[in-house]
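Coordinate-derived values only; no laboratory data. Computed from a predicted structure; not experimentally measured. Reconstructed Cβ throughout: ideal geometry from the backbone, glycine too, with neighbour counts over all protein chains shown.
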Amino acid sequence: MKLSVQDLNSHYGPAHILFDIALEVGDGEVVALLGRNGAGKSTTFRSIIGLVEQRSGRIVFEGKDVSHQPTHAIVSRGLGYVPEERRIFTELTVEENLEVGRQPRRPNAPHWTREKLFALFPNLGEMRNRPGGRMSGGEQQMLTIARTLMGNPSLVLLDEPSEGLSPKIVEQMVDAILIMKKEGVSIVVSEQNLHFAKLISDRAYIIERGRICFGGTMAELDARPDIRDAHLSL
Amino acid sequence: MQRRHFLGASLAIALAGLTNTAMAQSEIKIGEINSYSLLPAFTEPYRKGWQLAVEEINASGGINGKKLVVVSKDDGGKPADAQTAANELVSSENVAMLAGTFLSNIGLAVSDFANQKKVFFLAAEPLTDAITWAKGNRYTFRLRPSNYMQAAMLAEAAAKLPAKRWATIAPNYEYGQSAVAVFKKLMSEKRPDIQWVDEQWPPFGKIDAGPVVQALAQANPEAILNVTFGADLVKFVREGNTRGLFKDRTVVSFLTGEPEYLDPLKEETPEGWIVTGYPWYSIKTPEHDAFLKAYQAKYNDYPRLGSIVGYQTIKSAAAILAKANSTDPEKLIAATEGLSVASPFGEITFRKIDHQSTLGAFVGKTALKDGKGVMVDAVYKKGSDYLPSDAEVEKLRPKE
Amino acid sequence: MPFYIVQFLTGLASAASLFLVASGLSIIFGVTRIVNFAHGAFYMLGAYVAFTLTDRFSGALGFWGGIVVAALIIAAVGVLVEMALLRRIYHSPELFQLLATFGLTLMVEDLVVLIWGPSELLGRRAPGFKGAVDFFGQNIPSYDLFLIALGPIVLGILWLLFQRTRWGVLVRAATQDRDMVAALGVNQKWLFTSVFAVGVFLAALGGALQIPRDAVHHAMDLRIIVDVFVVVVIGGLGSIIGAFVAAVLVSELNAFGILIFPKISIILVFLVMAAVLIVRPWGLFGKQEGPARRTPGLTVNPWRTLTSGEQLAATAALIIAAALPLFSGNYALTIGSEIPRWRACR
Ligand SMILES: Nc1ncnc2c1ncn2[C@@H]1O[C@H](COP(=O)(O)OP(=O)(O)OP(=O)(O)O)[C@@H](O)[C@H]1O
Ligand SMILES: [Mg+2]
């Protein structure tokens, strides 16, 4: 088991957002977290790496309970996070952005070098010295994934990687995620785009108003159009 | 939890305050204000001076049998804070009189307060002439020789110099402006041939010495009048030494012979400056010997001019209170006008005409001895010899 | 003409220390968003400690070593201050941060008078830079020439540090988005501490380098901090090159201002600052401040409650303070009673 989340509850101030979230990710698995706008996908990710202060529950990563660790400690165990807003360092060049993400090599995770990442995202290789602020949305999305991979994570939380991208870039993104999977990175990807999720995922959870209301393989989800229609706006 | 401790501490302080009021019947209080935190180089020895005086006075029976207590406040170098402190001293401490202050602008602020609230004020140090003349008032007296008096002492020596081209440098506030103006006036009277070729007005405490020295050198004066003191003086002297400003030039300088300003200069002390000051090591009079001995015995340190000022302020105040035998301001004024008191520099008198004391100053030259600055050829100049005629003073002081 | 050149060079020399201190303030602000009013206090401490060290150890090594070691010692003090005080107030309102660092300044002022006495101290002259160089009949101190060279050298070193090292990249990243840096596995605490240490080192070095030309005294801090704020405002908070240009600008305005308006030269600087603020409100080299990127949900109490050990220590300190009247003289009492009040009345 790569990651196991149990009884996760989160608040923003007085607002209770997540209710008893439970989810599991196996080694090398790609799991989709599906849900409508505002369902709580991003909050789940932020809670897992400790960016939401008011949270309770148990988060076990690679057999270690990390629920009470600060963000940087959780992340440097090999749990990578790619935020939805991308949060590129606009003043820093592509190479410098990658440098911020760099972490030591990990025995149980694939090792990424700059060159390997430039092979994965060829666009980036052509703009190594360009400041992050002068890149297109698609390029920034690639950079933010590459930056997280520089930390040699064994698991990556990918928050809506296809959001706002052109179909052509989405295709590139699918390829990249499949390569990551092949290299052995476990992935949790949040999506509203069921089509995109189907291309990459082994299993899926559906979240609705802060509660998990479905968990199963992609085939099981396909077999339940009622659930799909009730909880996903397609 | 912490609050409770604060409560305890404040209770203790309040208790101490209560015992104070219980004793108040047998005490006389003087409210003292000075720039303790801003100018410790002067005010620390000053504090020691007045503490010695309080000790001596109380050891010999106090003031007509009452114990003398000095309540001291810090004005932080700000006129407004000094007025606040004065107000507190008068209204909540019930002091019989106010005393102290160092900076001229603060002295004037407290003097103004004294005039409005009809409180007796003995200004210790502020040198501006305004405090006894242009802005003089009934309630304010001053101990130290004024700018005019020190300028007159210095001008006497300066006028004998061959130099015709003069430049001035002074801190840009009341004291510096007043000192330069009166020195220029006195010099021009004695020597109409003199030319004033440059003036520098660095902000007090913030001199940018390099450019200032360079500008002075560029004007190529034959002599320079300096009014800066403290840290400004140190920077000015260092830059001046490095850039050769003082080579073949005479410098006439206010206050530089006072240990608080001369001692920090150490081996960089420029030689041959004509200065006012306090050569405690070469004064051989019985009055001064007694003071020096008592001071060194109590503090194991030598006195600075501040020590003299602090000591004499409280000694004078005590004499005033004893003679008036009352704390009524009018009676205090009446007692002070014309009062003669002993001082480490000999007897001094508080003049009736302008409320200035006749305390004098030493004039001499700076020299370097064993890597330290000293004053040599120092002569005591009596204050009474360096004041304008009574007729002139009448004109300077506003009518009451 | 030589006079104006020498006047210009003199201005450049004054700019060097100003630049060091201002760049330190700027760096600290950039990452921690703290306006560190205590920066002047570190400048002053640098000068005092350098005075003591250079006085104790003779020779050229004693002097230059003393300067550097003094800056290092004060940087270490800065680390302690950051860990004990600033870490608790990073998320407090600015006014609170200003008050806390201002309080620290007042305590340091009292402390230096207690330790080093009330008189001005005369630091040693720099070995090898004691005299002046003749420049077409005008004298320019050789130490000034040293300072003139030092300014750009420090600027260059800082540039390399920020552009060419991993630490510099992390600092620049944190300046823009601290939480994202943490979400990439970097421990911000140590990043902040190290940034603070570098900033304090620069301030202390700026102070230590003044001892051959200045008087070491207890009001140096407030004197420099005003100039430094002016420099940082003109140059743009967070910009090192801005700090350099503005330090030169301010020093030259001073150097030439006294020739034209000897009585109001100081006002000139403020006029220029006002003009800059009107044309470029964020300073010559500053960038318009975007809304600070914060991660939703991360709220921190201004006062982290003290741990039981810390409560114990605080209580002990209070008890000692309360017991002071019992065993100490009058003088310690006055000082002691003023310290907890942080002399709010100043
Ligand atoms: N900073 C915040 N403060 C208060 N409430 C918030 C905050 N951020 C998000 N929320 C609320 O929390 C709920 C979950 O938001 P979240 O961003 O996790 O949804 P999401 O599933 O990621 O949606 P999207 O698909 O739009 O990204 C929403 O109702 C949202 O309004
Ligand atoms: Mg989201």
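Numbers below:
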{"item": "Cβ-based net charge around A:Ile21, under 14 Å, with every Lys or Arg adding one and every Asp or Glu removing one", "result": "+2"}
{"item": "Cα centre as origin, Lys/Arg/Asp/Glu Cβ charges: the protein assembly as shown dipole, Debye", "result": "280 debye"}
{"item": "Cα pair distances of the range B:260-400 binned at 5 Å [whole percent]", "result": "2, 9, 15, 18, 16, 15, 11, 7, 5, 2, 0"}
{"item": "Proxy reagent accessibility, fewest Cβ within 10 Å first, across C:Ile5, C:Ile28", "result": "C:Ile5, C:Ile28"}
{"item": "Whole-Å semi-axes of chain B's equivalent ellipsoid (Cα gyration tensor)", "result": "37, 24, 21"}
{"item": "Amide hydrogen neighbours beyond the local backbone of B:Phe362, cut-off 5 Å, H modeled", "result": "B:Gly277, B:Lys381"}
{"item": "Net charge of Cβ neighbours under 14 Å - reference C:Phe129; Lys, Arg +1; Asp, Glu -1", "result": "+4"}
{"item": "Environment charge of C:Leu253, counting only residues whose C-beta is closer than 14 Å and scoring Lys/Arg +1, Asp/Glu -1", "result": "-2"}
{"item": "Test item: C:170-177 mean partner chain Cβ contacts at 10 Å", "result": "5"}
{"item": "Scattering profile of the range C:192-290 at q = 0.14, 0.16, 0.22 Å⁻¹ [log10 I(q)/I(0), Debye over alpha-carbon scatterers]", "result": "-0.62, -0.79, -1.25"}
{"item": "Kirkwood estimate for chain A, i.e. one over the average of 1/r between Cα atoms, Å", "result": "17.9 Å"}
{"item": "Averaged over B:234-242, number of beta-carbon atoms from partner chains that fall within 10 Å", "result": "6"}
{"item": "All Cα pairs of the protein assembly as shown, percent lying beyond 46 Å", "result": "44 percent"}
{"item": "Unsatisfied cross-links (Cα-Cα over 29 Å) in the set B:Lys185/B:Lys247; B:Lys185/B:Lys365; B:Lys135/B:Lys315; B:Lys185/C:Lys263; B:Lys184/B:Lys372", "result": "B:Lys184/B:Lys372"}
{"item": "Mean separation of Cα contacts under 8 Å, 6 or more apart, over the residue count of chain B: relative contact order %", "result": "18 percent"}
{"item": "Phi-based couplings in Hz for the range B:356-367 (Karplus 6.51, -1.76, 1.60; Gly and Pro marked x)", "result": "8, 7, 9, 4, x, 8, 8, 10, x, 10, 7, 8"}
{"item": "Karplus (6.51, -1.76, 1.60) ³J(HN,Hα), θ = phi - 60°, over the range B:346-355, in Hz, Gly and Pro reported as x", "result": "x, 5, 10, 10, 8, 5, 6, 5, 9, 6"}
{"item": "Most mobile of B:Ala170, B:Ala290, B:Ala123 in a GNM of chain B (Cα contacts under 10 Å)", "result": "B:Ala290"}
{"item": "Count, lysine Cα pairs under 21 Å in the range A:49-207, 8 or more residues apart or across chains", "result": "6"}
{"item": "Per-residue HN-Hα couplings for the range C:129-141 [Karplus 6.51, -1.76, 1.60; θ = phi - 60°; Hz; x = Gly/Pro]", "result": "10, 8, x, 10, 9, 7, 10, 6, x, 9, 9, 10, x"}
{"item": "Sequence-distant residues sharing a close amide H with A:Ile212 (under 5 Å, placed H)", "result": "A:Ala22"}
{"item": "Amide H contacts under 5 Å for B:Glu199, placed H, 5+ residues apart", "result": "B:Thr168"}
{"item": "Per-residue Cβ neighbour rank within 10 angstrom, fewest leading, C:Met44, A:Met135, B:Met375, A:Met1", "result": "A:Met1, A:Met135, B:Met375, C:Met44"}
{"item": "Gaussian network model of chain B, Cα within-10 Å springs - most flexible of B:Pro45, B:Pro162, B:Pro171", "result": "B:Pro162"}
{"item": "Percent of C-alpha pairs per 10 Å bin, the range C:18-81, short to long", "result": "22, 47, 24, 7, 0"}
{"item": "Top of B:Val275, B:Val341, B:Val119 by mean-square fluctuation, Gaussian network on chain B, Cα under 10 Å", "result": "B:Val341"}
{"item": "Assigned charges on the beta-carbon of Lys, Arg, Asp, Glu; the range B:204-245 dipole about Cα centre (debye)", "result": "120 debye"}
{"item": "Kirkwood hydrodynamic radius of the range B:174-301, from inverse mean 1/r over distinct Cα pairs, in Å", "result": "16.3 Å"}
